[in-house]
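Okay, structure first, notes after.
The values are calculated or read from the model by the stated rules, or taken from the named source; none is laboratory data. Just so you know, these numbers come straight off a predicted model, no measurement behind them. FYI the Cβ positions are ideal-geometry reconstructions off the backbone, even for glycines, and counts take in every protein chain you see. Heavy atoms of the whole protein, side chains included, go into the accessibility calculation; ligands, DNA and RNA do not. Shrake-Rupley method; radii C 1.70, N 1.55, O 1.52, S 1.80 Å.
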Amino acid sequence: MASFYHYSFSFLLFCSLLFPILSPSIASTTSSRTKALVLPVTKDSATLQYLTHISQRTPLVPVKLTLDLGGQFLWVDCDQDYVSSTYKPAICDSAPCNLAQSKSCSESCFSDRPKPGCYNNTCSLFPDNSVTKTGTIGQFGQDIVSVQSTDGSNLGKMVSVSNFLFTCGSTFLLEGLANDVKGMAGLGRTKIGLPSQFSSAFSFDRKFAICLSSSTTSNGVVFFGAGPYVLNPGIDVSRSLTYTRLFINPVSTAASYFEGEKSSEYFIGVKSIKINNKVVRFNTSLLNIDKNGNGGTKISTVNPYTVLETSIYKAVVGAFVKALAKVPRVAAVAPFGACFDSNHIDVTRVGPAVPSIDLVLQSEDVVWNIYGANSMVQVNENVSCLGFVDGGIEPVTSIVIGGHQLENNLLQFDIANNRLGFSSSLFFMRTTCSNFNFKSNSA
Ligand SMILES: *[C@@H]1O[C@H](CO)[C@@H](O)[C@H](O)[C@H]1NC(C)=O
Ligand SMILES: *[C@@H]1O[C@H](CO)[C@@H](O)[C@H](O)[C@H]1NC(C)=O
Ligand SMILES: *[C@@H]1O[C@H](CO)[C@@H](O)[C@H](O)[C@H]1NC(C)=O
């Protein structure tokens, strides 16, 4: 269903498969001393999307984007208001097209004059709206991008990447994204994802970290580069991480893709789920990624809440309700299935005092604990619901860990070493994801 047109596109637009392997040093840099970059992230109250903005084009304009952790690359709407004197299309068979592994060359684009998204002899990719699971085809190109550098504690100067690669999307692809958003910022594990392009432009480690704020009025942060990742009052969260392996799904999970393409999303190896220290019983084969790319556990910023395959969902909700039996249950509020009278739940430093939901990773000692602040959603002054939703039977991915469960936890994605570092709730360290100092400027 989601991958509906990948076959026809890959046939129709098939160009040439036999490209030589090229080094990924496409982007150029204005500073060789930049060690890390930061982007502010806000939570949109209407859509619950996490938004960021980058400056792009000549003259530079701020471009508002929905953050897509597993997204393949940056895409922006080129149909409307794309004006820039520094835009360059990616010529078929050129180094950028090979780096992106494009298998599609559009020989001609019919228009009075060439414009971003419509040049002749340009390679194309499939930009993806991962919120609505809609894909289309769009031309690949490059333009200047300007972002804020950091030493990990404070803002540094603005730095730019003159040949930042991105894909042109279309206006219709913006449907379902927050107001004024012009595209999506893909942080996925491809050579043209934001993390890889920034790392190669500034020669820093292929690592980045996300720290999403639960507030719609204060900024969370994405750091590109290794730590320190310092949050007020002076806490370097990069020193307090637990590590687990990242897995690669051999089959793309995008809306449309070239045959044989791997998923750009970040998968982890959940082995079991415990509630109140008791293993929740369900068919654990759903936790493995099979040869068709189905199953497993991924992390997503485009799902506001964790989505569980139906049988896992029922088992988790059942176990949670049982463990919280002393709190009166109230009528469910969609999209949630289990809601409680919150006046009967105490509050702790890590949110409502409810049993923790533990994702057991490679061993019994490596556990992602989800405490009340990340498990419960206060829907009104009297009602708090378990913030997990039913993903239906046979979803592509069995567990999708969503935004609410990520908030005020720092997650570091170490692409080169294939591992995820996670902090657990920052409330234990008496800080939050809104505590990066975006105000001062040390440069
Ligand atoms: C592409 O080439 C065709 C045929 O030469 C021409 O008619 C058309 O205007 C060109 N399009 C662009 C966008 O340059
Ligand atoms: C468990 O799930 C797998 C994968 O969906 C399925 O093939 C298998 O039949 C299931 N086993 C049981 C006992 O339901
Ligand atoms: C919450 O409970 C109080 C006391 O029963 C009641 O007065 C109030 O209207 C309730 N609020 C909502 C939103 O239902």
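Points to keep in mind about this one:
- Among the conditions (1) out of contact with any helix residue (DSSP H, G or I) (no Cβ under 7 Å at 6 or more places or on another chain); (2) crowded, with 19+ Cβ neighbours inside 10 Å, THR136 misses just one, which is (1).
- Among residues of region 372-404 being within 16 Å of ligand 2 (Cβ to nearest atom) and part of a loop (DSSP other than H, G, I, E, B), the one that is nearest to the chain's Cα centre (by Cα) is THR397.
- Only residues that are open to solvent by 30 Å² or more (accessible area, probe 1.4 Å), farther than 16 Å from SER424 by Cβ and either not assigned by TED's automatic domain parsing to the domain that holds GLY403 or not hydrophobic (A, V, I, L, M, F, W, C) (or both) were counted across region 365-390, and they come to 5.
- Taken over region 85-94, residues that are part of a loop (DSSP other than H, G, I, E, B) and buried (at least 17 other Cβ atoms within 10 Å of the Cβ) amount to 4.
- Against the conditions (1) in contact with a His (Cβ under 8 Å, 6 or more places away or on another chain); (2) open to solvent by 50 Å² or more (accessible area, probe 1.4 Å), LYS322 satisfies every one except (1).
- The listed residues are GLY295, GLY337, and the only one of them that is open to solvent by less than 20 Å² (accessible area, probe 1.4 Å) and out of contact with any Gly (no Cβ under 9 Å at 6 or more places or on another chain) turns out to be GLY295.
- Selected residue (criterion: most open to solvent (accessible area, probe 1.4 Å)) from residues of region 342-351 that are within 11 Å of GLN378 (Cβ to Cβ) and more than 16 Å from ligand 3 (Cβ to nearest atom): VAL347
- Members of region 282-291 found to be under 22 Å from the mean Cα position of the chain (by Cα) and open to solvent by 70 Å² or more (accessible area, probe 1.4 Å), listed by number: ASN288
- Just so you know, in region 227-249 the residues that are under 18 Å from the mean Cα position of the chain (by Cα) and of a type outside the set (Ser, Thr, Tyr) include one that is most open to solvent (accessible area, probe 1.4 Å), and it is ARG245.
- Of the strands (runs of 3 or more DSSP E) lying entirely inside region 114-190, those containing at least 3 residues that are touching a Leu at 6+ places or on another chain (Cβ under 6 Å) and over 29 Å from LYS262 (Cβ atoms) span 138-150.
- Cross-chain or 6+ apart pairs with Cβ under 9 Å, region 356-381 first and within 18 Å of ASN277 (Cβ to Cβ), then part of a loop (DSSP other than H, G, I, E, B) and within 16 Å of ligand 3 (Cβ to nearest atom): GLY372/ILE345
- Residues satisfying the stated conditions in region 251-281, i.e. at pLDDT 95 or above, under 17 Å from VAL396 (Cα atoms), in a loop (DSSP other than H, G, I, E, B) and open to solvent by less than 70 Å² (accessible area, probe 1.4 Å): VAL251, SER252, THR253, SER263, SER264, GLU265, GLY269, VAL270
- Test: SER130 is in contact (Cβ under 8 Å) with a residue 12 or more places away in the chain and within 23 Å of VAL302 (Cα to Cα): yes
Okay, residues lined up against (1) within 16 Å of SER149 (Cα to Cα); (2) in contact (Cβ under 8 Å) with a residue 40 or more places away in the chain; (3) surrounded by fewer than 24 Cβ atoms within 10 Å (Cβ to Cβ); (4) assigned by TED's automatic domain parsing to the domain that holds LEU69:
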| site | (1), (2), (3), (4) |
| --- | --- |
| LEU194 | yes, yes, no, yes |
| PHE198 | yes, yes, no, yes |
| SER203 | yes, yes, yes, yes |
| ARG206 | yes, yes, yes, yes |
| LEU212 | no, yes, no, yes |
| SER215 | no, yes, yes, yes |
| VAL221 | yes, yes, no, yes |
| PHE224 | yes, yes, no, yes |
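- Some residue of region 69-77 being open to solvent by less than 60 Å² (accessible area, probe 1.4 Å), assigned to a loop (DSSP other than H, G, I, E, B), in contact (Cβ under 8 Å) with a residue 60 or more places away in the chain and within 16 Å of ligand 1 (Cβ to nearest atom): no
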